[in-house]
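Beneath this line is the structure, given in structure tokens, with notes to follow.
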Amino acid sequence: MRAVCLAVGGVVLLCAGLAKAGPVALSATGYGDSESAARADALRSLSEQVVAEVDGETEVRTTIDADGERESMDSRIATRSEGYFEGVDYAAPESSDDHYQVEARLPDSGLVATLDQIRRDLDRDFAAMSPRDLEAAVDRADFGLALAGYASRPTAEVEQAVEAFEAARGDAVRYLDFARITFDVEPDDARITLEDTRLDNRQQQLVPTGVYRYRIEADGYQPETDSLRVNSDTDRTETIALVPDVDAVVRLDAPDCCERAARRVLGDYGFRVADDAPVTLRFQLDQTYLTEVSGEAYYRLQGEVESLRDGDVVASNSATLRQVGESAVDDRSAAVIGALTRAIISGERARTLFQDTNHNH
């Protein structure tokens with residue numbers, strides 16, 4: 001048998017070459033105080049040989065887990081990769097003075113089986129995966145790419161596996177390094193443009209970290225233009241209901257603070273206010289004292305708005321700010337009422353409610 005071996009301190013650790021049973025992609029010798037321990041050590045040595053290739057060719061990423069523990073890419077793969085192998089053969093153990101020695105061999109057939117298993121493991125929906133699972137997918141693809149290089153000869157199966165690993169790795173890295181943005185818009189047929197890209201409703205879009213302008217349009221509704229900032233590894237859904245493009249008149253039933261904020265938003269969208277309008281918007285804002293910290297009182301703000309027609313409640317919305325300092329109460333109250341006003345005049349139900357309110361006005 002012709003073989004290339006790696007020796008450290010006179011002890012042969014790893015060999016690759018051709019065995020009598022056929023082409024052997026990888027082999028390694030393990031040691032332990034039992035046969036099972038020696039087998040496990042041999043398998044670990046197989047993994048470490050491939051991991052060394054990954055570490056040499058791939059930029060090392062360091063992550064921090066939920067407990068704040070740092071974990072480098074090579075240590076992650078070393079831990080996981082022992083479970084990647086398929087079709088490993090073990091030679092009969094040799095023992096001496098309660099110490100065991102076992103050789104593990106990965107034939108070409110086992111290498112191909114391992115590559116096939118990694119391909120199946122990577123055939124997943126990356127969009128639905130957590131950052132930790134995405135990292136595992138990248139590591140698995142890196143391991144597969146390194147392992148493919150040990151094939152005794154190139155085959156179509158190995159080449160197809162390499163192509164699949166490169167594609168999967170690219171997709172997983174994109175989901176790790178990019179933000180995910182989804183627009184959930186009412187009405188369903190709204191036209192959504194993010195910068196210069198046209199999106200379908202509820203379509204997930206990957207974008208680098210940054211600030212993005214968007215515009216949303218739909219027939220019979222007023223267009224909405226705004227911007228949003230996203231960071232990598234962000235999964236964000238913008239839920240937006242457009243305001244109908246109607247010549248609407250409403251009546252306000254609200255305390256002074258609420259009426260001012262509501263009138264401002266209604267005016268921005270072309271809604272007029274009249275005492276005899278058929279639709280009433282009724283507002284309520286409650287301010288509840290919570291505590292005092294460093295001489296400043298803190299309150300909970302709870303706002304509610306209802307739309308009524310002929311005295312019947314048609315729709316309602318509510319919002320709560322749990323802790324607001326006294327110095328910010330006025331501004332935050334106006335913000336709550338403004339948001340509630342925008343919500344109550346938005347969407348398909350609002351279009352039906354307000355489209356005929358201008359009769360006799």
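None of the figures in this text is laboratory data; all of them are computed from the coordinates on show. In this text the structure is predicted, and so the values were computed from the model without any measurement. Here the Cβ is made from the backbone with ideal geometry for all residues, glycine too, and neighbour counts use every protein chain on show.
Taking amide H positions as modeled 1.01 Å from N, with prolines and chain starts lacking one, the residues under 5 Å from Thr209 and 5 or more places away or on another chain are Ala179, Ser232. Around the amide H of Ala25, modelled in the peptide plane, lie the amide H atoms of Leu106, Asp108, all under 5 Å away and 5 or more residues distant in sequence or on another chain.
The charge dipole of segment 249-354, taken about its Cα centre with unit charges on the Cβ atoms of Lys, Arg (+1), Asp and Glu (-1) only, comes to about 420 debye. Any chance you could check the Cα centroid distance between segment 121-189 and segment 237-287 for me, in angstrom? Taking the Cα centre of each part, segment 121-189 and segment 237-287 sit 49 Å apart. Couplings 3J(HN,Hα) for segment 308-324, derived from phi with the Karplus relation 6.51 cos²θ - 1.76 cosθ + 1.60 (θ = phi - 60°), are 10, 9, 6, x, 9, 6, 9, 7, 8, 9, 9, 8, 9, 10, 7, 8, 10 Hz, where x marks Gly and Pro.
Counting only Cβ charges, +1 for Lys and Arg and -1 for Asp and Glu, the dipole size of segment 179-241 around its Cα centre is about 280 debye. Scalar couplings 3J(HN,Hα) for segment 23-35, obtained by applying the Karplus form with A = 6.51, B = -1.76, C = 1.60 to θ = phi - 60°, are x, 10, 6, 9, 8, 7, 10, x, 10, x, 8, 8, 4 Hz; x denotes Gly and Pro. When peptides 330-338, 143-151 are ranked by their average number of other Cβ atoms within 10 Å per residue, the highest-first order is 143-151, 330-338. Among Glu103, Glu224, the order by Cβ neighbours within 10 angstrom, fewest to most, reads Glu224, Glu103.
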